[in-house]
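These notes are about the structure you will find just below.
The values are calculated or read from the model by the stated rules, or taken from the named source; none is laboratory data. What you see is a predicted model; the values in this text were computed from it and never measured. Virtual Cβ from ideal backbone geometry, glycine too; neighbours counted across all protein chains shown. For the accessible areas, the whole protein counts, side chains as well, though only heavy atoms, and no ligand, DNA or RNA atoms are used. Shrake-Rupley method; radii C 1.70, N 1.55, O 1.52, S 1.80 Å.
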Amino acid sequence: MSKPLTIAIDGHSSTGKSTLAKELAKALGYIYVDSGAMYRAVALYALRNGWVSASAGCQESEINDSLDNVHISFELDGQGINATHLNGERVEEEIRTMEVSNVVSHVAKLVPVRRHLVALQQAMGRNGGVVMDGRDIGTVVFPDAELKIFMTASDQVRAERRQQELAAKGQHWTVAEVLDNLQSRDKADMERADSPLIAAQDARTLDNSDITKAEQFELVLDWVKSLQS
Ligand code: DC
C-alpha cells in the first residue's frame, strides 16, 4: 500500500480549494478537513452573540474567552456531506452566507482563535492520509506536508464562479458585491500579522483561471502519484 500523504491546499478565496480537496480525499480514501469552515463557525458564534460586525470589527476578549464553549465537529449526513456542526447544531449552510463571509476576517486574525483552531486541525491530521484546505495549512498547520498546493485564479473568474454558487443556493448578490468581499478577505488574509496567507516556499502554484476542473484534478493526481512512487 502506498504511504498516506498529508496534502495541504492553500490559496486565495473562492479558487475551488474545497472542491479539489474533497475530490482528492474521496479518490485517495483520505480524511478531508475544511479549516475555513472552522473559522466560519467561530465567526457565526461571535455574530450570534453580537460580538462582531462587518463595520465595527470584533470584541476580542469576549471571543477569545469563549473558545472553550465553541465545539466544532464535522458529521457525515445522508447526502454524503461532511457537515459542519457548532455545539451540536448543523450550521453547514449558515456559515457560508455573505453575512458570515463579511465578518470572518475579523475573527480569523485573532491570535487565540488561530492557536485554538490550529491545535484542533493538527490533531485531526495527526496520522496523515489527510487533505486539508485553508490559508496557512502548508505554512503553519502542516509545514512538513508532502504535497503543498497554492491555488489562485483571476479576481473576475473567482467572483463570477462564487456569485453563481451563491445564486444556486438562493442568495442573490451582484458580481461586484462578491468581488468586493473576495478582495477584502484576501487583503485581510495576506496582511494579518499572525499566519498571513502566503505560498509556502515548497508549494506548487495552481492557477485555474483557464483550466477545467477535470484537467486540474488530473494534474494534481499526477503530483500525488509521483510522490507515492
Ligand atoms: O476557506 P474559506 O473562504 O471558507 O475561509 C473563510 C475565512 O477563514 C477566510 O476568509 C480566511 C479564514 N481562514 C484562515 O484565516 N485560515 C484558514 N486556515 C482557513 C480560513
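For (1) in contact (Cβ under 8 Å) with a residue 60 or more places away in the chain; (2) out of contact with any strand residue (DSSP E or B) (no Cβ under 6 Å at 6 or more places or on another chain); (3) closer than 17 Å to residue 9 by Cβ, each residue gets a yes or a no:
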{"site": "198", "(1), (2), (3)": "no, yes, yes"}
{"site": "203", "(1), (2), (3)": "yes, no, yes"}
{"site": "208", "(1), (2), (3)": "yes, yes, yes"}
{"site": "215", "(1), (2), (3)": "no, yes, yes"}
{"site": "219", "(1), (2), (3)": "no, yes, yes"}
{"site": "222", "(1), (2), (3)": "no, yes, yes"}
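Determine whether region 27-40 contains at least one residue that is in contact (Cβ under 8 Å) with a residue 24 or more places away in the chain, more than 11 Å from the ligand (Cβ to nearest atom) and assigned to a helix (DSSP H, G or I). Show your work before the answer.
Of the residues in region 27-40, the ones in contact (Cβ under 8 Å) with a residue 24 or more places away in the chain are 27-40.
Right, trim to more than 11 Å from the ligand (Cβ to nearest atom) and you get 27-32.
Pick out the ones that are also assigned to a helix (DSSP H, G or I) and you get 27-28.
The answer is yes, given that some residue of region 27-40 is in contact (Cβ under 8 Å) with a residue 24 or more places away in the chain, more than 11 Å from the ligand (Cβ to nearest atom) and assigned to a helix (DSSP H, G or I).
Scanning region 91-107 for residues that are at pLDDT 95 or above and of a type in the set (A, V, I, L, M, F, W, C), we see that the one that is farthest from the ligand (Cβ to nearest atom) is 91.
Take the residues in region 208-228 that are assigned to a loop (DSSP other than H, G, I, E, B) and over 16 Å from residue 155 (Cβ atoms); name whichever of them is most open to solvent (accessible area, probe 1.4 Å).
If we filter region 208-228 for residues that are assigned to a loop (DSSP other than H, G, I, E, B), which is where we start, we get 208-212.
Subsequent filtering for residues that are over 16 Å from residue 155 (Cβ atoms) retains 211-212.
Values: 211: 59, 212: 74 Å².
So the residue we want is 212.
Taking region 178-193 as the range and being more than 9 Å from the ligand (Cβ to nearest atom) and part of a loop (DSSP other than H, G, I, E, B) as the test, only 193 passes. Within region 146-163, the set of residues being open to solvent by less than 60 Å² (accessible area, probe 1.4 Å) and more than 16 Å from residue 15 (Cβ to Cβ) comprises 147 only. In this structure, does residue 49 turn out to be more than 15 Å from the chain's Cα centre (by Cα) and within 16 Å of the ligand (Cβ to nearest atom)? The answer is no for residue 49. Annotation: residue 18 fulfils all but one of (1) under 30 Å from residue 210 (Cβ atoms); (2) surrounded by fewer than 18 Cβ atoms within 10 Å (Cβ to Cβ); the unmet one is (2). Using the structure shown, decide if residue 163 is away from the ligand (no atom under 13 Å from the Cβ) and either hydrophobic (A, V, I, L, M, F, W, C) or not in a helix (DSSP H, G or I) (or both). Considered against the rule, which asks whether it is away from the ligand (no atom under 13 Å from the Cβ) and either hydrophobic (A, V, I, L, M, F, W, C) or not in a helix (DSSP H, G or I) (or both), residue 163 comes out as no. Scanning region 115-139 for residues that are surrounded by 24 or more Cβ atoms within 10 Å (Cβ to Cβ) and either touching a Cys at 6+ places or on another chain (Cβ under 7 Å) or closer than 10 Å to residue 7 by Cα (or both) returns 130, 131, 132, 133, 137, 138.
When each of 63, 9 is tested for being open to solvent by less than 70 Å² (accessible area, probe 1.4 Å) and in a helix (DSSP H, G or I), the lone residue that passes is 63. Screening the candidates 112, 143 for the property of being modelled with pLDDT of 95 or more, assigned to a helix (DSSP H, G or I), away from the ligand (no atom under 12 Å from the Cβ) and surrounded by fewer than 23 Cβ atoms within 10 Å (Cβ to Cβ) yields one hit, 112. Going by the structure shown, is residue 166 free of Cβ contacts under 8 Å to residues at least 24 places away in the same chain, of a type in the set (A, V, I, L, M) and surrounded by 14 or more Cβ atoms within 10 Å (Cβ to Cβ)? So residue 166 does not fit the description; no.
Within region 185-207, the set of residues being open to solvent by less than 80 Å² (accessible area, probe 1.4 Å) and under 15 Å from the mean Cα position of the chain (by Cα) comprises 185, 186, 188, 189, 195, 196, 197, 199.
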